[in-house]
Amino acid sequence: MAKVYEFLANGFEEVEALLPVDILRRGGIEIKTVSVTGSEFVTSSHGVTVKADMLFEDADMSDADMLLLPGGLPGATNLNEHEGVRKALAEQDKLGKRIGAICAAPMVLGSLGLLKGRKATCSPGFQQYMDGAEYTAQLFQEDGNIITGEGPAATFPYAYRILSYFVGDEPVKDLQAKMQYAHLMESV
């Protein structure tokens, strides 16, 4: 079974953190939230406190099929300042394993040089922090082993695309129908 780890820092964006967890778990993927705060409890940018599945210090991500970074401020900045997160991302990319970052969080990948020569998206205004990337302004953008997302409204298509990496397109379509996402997109 695929294993995904999502890093949570104080100031994370709720939708961008919790919706991928929800969708991946509904799709049968093992995803663990990893607090980088030194406490199991992490507070979002809008004052919502959640309990992470584990502390960064206790996580062994050597079996990670994917690492995820939610956006939000100062959450993305806090992730960027965490040396353990930076090291884990660099190693994940070196191994050619999947990485996802949404909203402000692609700046972490940019600061590590992981976006050089790649297409990427982010929350408008944060493209200046995606060193060497070709900014596309898409809802989500894939390039190699990295997927980036634009922001809160992009979280549904971003998370469904991530799920498709592990289960394929048909189970994702079924889940989209069950969650009324397909109906929403038909009415737009």
Flagged pairs (Cβ under 7 angstrom, 6 or more apart or on separate chains; first in region 86-115, at pLDDT 95 or above and of a type in the set (Lys, Arg); second part of a loop (DSSP other than H, G, I, E, B) and open to solvent by 30 Å² or more (accessible area, probe 1.4 Å)) are ARG86/LEU112; LYS97/ASP65; ARG98/ASP65
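Select from region 126-151 the residues that are among the polar types (S, T, N, Q), assigned to a loop (DSSP other than H, G, I, E, B) and open to solvent by 40 Å² or more (accessible area, probe 1.4 Å) and list them in ascending order. Outline the logic, then answer.
Let us first name the residues in region 126-151 that are among the polar types (S, T, N, Q), namely 127-128, 136, 138, 141, 145, 148.
Now restrict to residues that are assigned to a loop (DSSP other than H, G, I, E, B): 136, 138, 145.
The answer is GLN138, and nothing else.
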Pairs returned, first residue in region 29-48 that is open to solvent by 50 Å² or more (accessible area, probe 1.4 Å), second residue that is of a type in the set (D, E, K, R), beta-carbon separation under 6 angstrom, 6 or more apart or interchain, are GLU30/LYS3; LYS32/ASP53; GLU40/LYS51; PHE41/LYS51; VAL48/GLU14
Members of region 113-125 that are touching a helix residue (DSSP H, G or I) at 6+ places or on another chain (Cβ under 8 Å) and either open to solvent by 40 Å² or more (accessible area, probe 1.4 Å) or not β-branched (Val, Ile, Thr) (or both): LEU114, LEU115, ALA120, CYS122
GLU57: passes all of (1) of a type in the set (D, E, K, R); (2) closer than 23 Å to GLN176 by Cβ; (3) without any contact (Cβ under 8 Å) to a residue 40 or more places away in the chain but (2)
Would you be able to say whether some residue in region 72-79 is without any contact (Cβ under 8 Å) to a residue 60 or more places away in the chain and open to solvent by 10 Å² or more (accessible area, probe 1.4 Å)? no
Got a sec? Which of GLY100, GLY110 is surrounded by 14 or more Cβ atoms within 10 Å (Cβ to Cβ), over 22 Å from PHE166 (Cα atoms) and among the small types (Gly, Ala, Ser)? GLY110
Using the structure shown, decide if GLY75 is closer than 19 Å to SER45 by Cα and either touching a strand residue (DSSP E or B) at 6+ places or on another chain (Cβ under 6 Å) or at pLDDT below 95 (or both). yes
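The values are calculated or read from the model by the stated rules, or taken from the named source; none is laboratory data. Note that the structure is a prediction, hence the values are computed from the model and not measured. Please note: Cβ atoms are built from the backbone with ideal geometry, for glycine as well, and neighbour counts cover all protein chains shown. In case anyone asks, the SASA skips ligands and DNA or RNA and just uses the protein heavy atoms, side chains included. Shrake-Rupley method; radii C 1.70, N 1.55, O 1.52, S 1.80 Å.
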